[in-house]
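Beneath this line is the structure, given in C-alpha cells, with notes to follow.
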Amino acid sequence: MAEWDRHSAMERDMPVMSFEWKLVAEPVMQLYTESTDGSYIEYKESALVWHHRFADPDFGSWQAKELQNHLESVLANEPVTVKSGAQIVEVTPQVGCPHVLGHHHHQHMMGTEVVNSQQPKFADFFFC
C-alpha cells in the first residue's frame, strides 16, 4: 500500500474538491421538500440527503424516485453520484476516479512510479 505522510506529494497535490454541484442540487431538493409533507434535507459537509421517512409512505417513495431522476438529469455533467436508500435520496461527490486523480497519483497508486530507486510500491486496491 502507498505510504502517506504529511509531506507526501500525493497529499499536497490532490485537487481541491468542488462543491458547486450543491448550488444545483439544493434548490431541486428544496422543491421536493416543499411539496412533500414530512420530508427534509440533511446538509452534510460533502453530501446532501433528502429524507422522506416522515412523509406518507407511498407519496414519499414516489417523490423519491422523481427526485432521483430529476437530480440525475440536472447533475449529469457533475462529478457526483445520486443514489437512493432507506427513505433517502443522497448526492455525494465521486471519489477516487481517474479524472480526479492526476497522472502522478495514478502512476504512484498503480506501482509504475519508482520511489528512491527501489522497487515500485503497489496499492492494495484502486477503485473508481
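The values are calculated or read from the model by the stated rules, or taken from the named source; none is laboratory data. What you are looking at is a predicted structure, and each value in this text was computed from that prediction instead of being measured. Cβ: placed from backbone, ideal geometry, glycine included. Neighbour counts: every protein chain shown.
Filtering the range 69-87 to residues that are touching a residue at least 40 places away in the same chain (Cβ under 8 Å) and either of a type in the set (S, T, N, Q) or within 15 Å of Leu31 (Cα to Cα) (or both) leaves His70, Leu71, Val74. Pairs meeting the criteria (first residue in the range 41-52 and surrounded by fewer than 16 Cβ atoms within 10 Å (Cβ to Cβ), second residue aromatic (Phe, Trp, Tyr) and in a loop (DSSP other than H, G, I, E, B), beta carbons under 9 Å, at least 6 apart or on different chains) are Glu45/Phe19; Ser46/Phe19. Just one of the listed residues (Met109, Met29) is modelled with pLDDT under 95, hydrophobic (A, V, I, L, M, F, W, C), surrounded by 12 or more Cβ atoms within 10 Å (Cβ to Cβ) and in contact with a Phe, Trp or Tyr (Cβ under 9 Å, 6 or more places away or on another chain), namely Met109. Number of residues in the range 36-52 that are of a type outside the set (D, E, K, R) and over 17 Å from the mean Cα position of the chain (by Cα) equals 6.
When each of Gly96, Gly38, Gly102 is tested for being modelled with pLDDT under 95, touching an Asp or Glu at 6+ places or on another chain (Cβ under 8 Å) and either small (Gly, Ala, Ser) or on the phi > 0 side of the Ramachandran plot (or both), the lone residue that passes is Gly102.
Go through Ala64, Ala123, Ala76 for me and flag whichever is surrounded by 12 or more Cβ atoms within 10 Å (Cβ to Cβ) and modelled with pLDDT of 95 or more. If you could, list the steps in order and put the result at the bottom.
Working: Ala123 fails: modelled with pLDDT of 95 or more; Ala76 fails: surrounded by 12 or more Cβ atoms within 10 Å (Cβ to Cβ).
Being surrounded by 12 or more Cβ atoms within 10 Å (Cβ to Cβ) and modelled with pLDDT of 95 or more holds for just one of Ala64, Ala123, Ala76, which is Ala64.
Annotation note: Cβ proximity below 9 Å between a residue of the range 5-32 that is among the polar types (S, T, N, Q) and a residue that is modelled with pLDDT under 55 (sequence gap 6+ or interchain) occurs for Ser8/Ala2.
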